[in-house]
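The values are calculated or read from the model by the stated rules, or taken from the named source; none is laboratory data. Source: prediction; values computed, not measured. Note that each Cβ is placed from the backbone with ideal geometry, even for glycine, and that neighbours are counted across all protein chains shown.
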Amino acid sequence: DVKVTQSSRYLVKRTGEKVFLECVQDMDHENMFWYRQDPGLGLRLIYFSYDVKMKEKGDIPEGYSVSREKKERFSLILESASTNQTSMYLCASSLFGAYPYEQYFGPGTRLTVT
Amino acid sequence: DQQVKQNSPSLSVQEGRISILNCDYTNSMFDYFLWYKKYPAEGPTFLISISSIKDKNEDGRFTVFLNKSAKHLSLHIVPSQPGDSAVYFCAASKSQAGTALIFGKGTTLSVSS
């Protein structure tokens, strides 16, 4: 079974703090993704990566950066956390070029910025 | 501009009846479609998918129908069970390796016993 783990289930940070969200997958997937989920807005893509050290901006990259130094690990960084970044953050992974392009999701991190 | 739309934020159904969740898309380049199910405080889980070369795909109680001319797909759950109560996301993809999925905003299904 594919397993995607995220470093924290719940996180509370203060405005202006630098925040690191870690994601690890154990199935040797090339693709990794970071989404945020907000009520009424669905899942919105922040960044994705299809290879080590490669990254692509998604729909809402502002205020975020990512790091992928190893194939199994994809980190999301909030450089200076703001209250509008309070959200559920979801990491996912998938095989490169494999139909049905199914993405496997982690359990999510509920981040609250106060 | 939303490329994948789920226009019904919520749906309530009685146990044993059919649940029909709808999804519309605007980009004719999409050729793979997926449905995900999400419980609160958990990540989404893959449910069923369909390629644009098909018009129907069935897996147990779940069937997805695709109408390419109308750019519309639907997920049928028969019979509905209380454990099906969750948020359902429709997603679309172009057949390019590494392409991210485009998700709809989700429909919350409530199945009452």
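Brief remarks on what is shown
- For segment A:83-111, the set of residues classified as surrounded by fewer than 14 Cβ atoms within 10 Å (Cβ to Cβ) and either more than 8 Å from chain B (Cβ to nearest Cβ) or free of Cβ contacts under 8 Å to residues at least 60 places away in the same chain (or both) consists of A:83, A:84, A:98, A:99, listed by residue number.
- Flag if residue A:73 is within 14 Å of chain B (Cβ to nearest Cβ), basic (Lys, Arg) and either touching a strand residue (DSSP E or B) at 6+ places or on another chain (Cβ under 8 Å) or under 25 Å from residue A:50 (Cβ atoms) (or both): no
- Among residues of segment B:16-43, those that are farther than 21 Å from residue A:103 by Cα and assigned to a loop (DSSP other than H, G, I, E, B), counted: 5
- Test: residue in segment B:75-89 that is free of Cβ contacts under 8 Å to residues at least 40 places away in the same chain, away from chain A (no Cβ under 12 Å), in a loop (DSSP other than H, G, I, E, B) and out of contact with any Cys (no Cβ under 6 Å at 6 or more places or on another chain): yes
- Breaking point among (1) over 22 Å from residue B:2 (Cα atoms); (2) out of contact with any Ser or Thr (no Cβ under 8 Å at 6 or more places or on another chain); (3) crowded, with 21+ Cβ neighbours inside 10 Å, for residue B:44: (1)
- Subset of segment A:8-28 [among the hydrophobic types (A, V, I, L, M, F, W, C) and either outside any loop (DSSP other than H, G, I, E, B) or at pLDDT 95 or above (or both)]: A:11, A:12, A:19, A:20, A:21, A:23, A:24
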